[in-house]
Amino acid sequence: MSDNSGTSCFTYKVEMIIQILAEDEISARLQLDDKGGYVAKRTVTFMDSLPVYKGNNLSNDDNIVVD
């Protein structure tokens, strides 16, 4: 039984504004890197897709590529 399923790589550009409650900028940066923060705004833009796998195109009989 052949598997003709495909897999693609999807690329997105994601821009976010993150808000963090902290005593100072150093503490805020440490919290951002460690735990993240509140996403105040997120913009997602689709950039591209690229097929990376199209399944097994070999026949079971004699390893001839089938289109």
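The values are calculated or read from the model by the stated rules, or taken from the named source; none is laboratory data. Remember, predicted model here, so these are calculated numbers, not experimental data. Note that we place each Cβ from the backbone using ideal geometry, even for glycine, and neighbour counts take in every protein chain shown.
Does Thr11 satisfy being at pLDDT 95 or above, surrounded by 10 or more Cβ atoms within 10 Å (Cβ to Cβ) and assigned to a strand (DSSP E or B)? Yes. Please verify whether Leu21 is modelled with pLDDT of 95 or more and part of a loop (DSSP other than H, G, I, E, B), treating the condition exactly as stated. The answer is yes for Leu21. For Asp48, the conditions (1) outside any strand (DSSP E or B); (2) modelled with pLDDT of 95 or more; (3) among the acidic types (Asp, Glu) all hold with the exception of (1). Count of the range 26-39 residues, restricted to those that are surrounded by 10 or more Cβ atoms within 10 Å (Cβ to Cβ) and either over 21 Å from the mean Cα position of the chain (by Cα) or in a strand (DSSP E or B) (or both), is 6.
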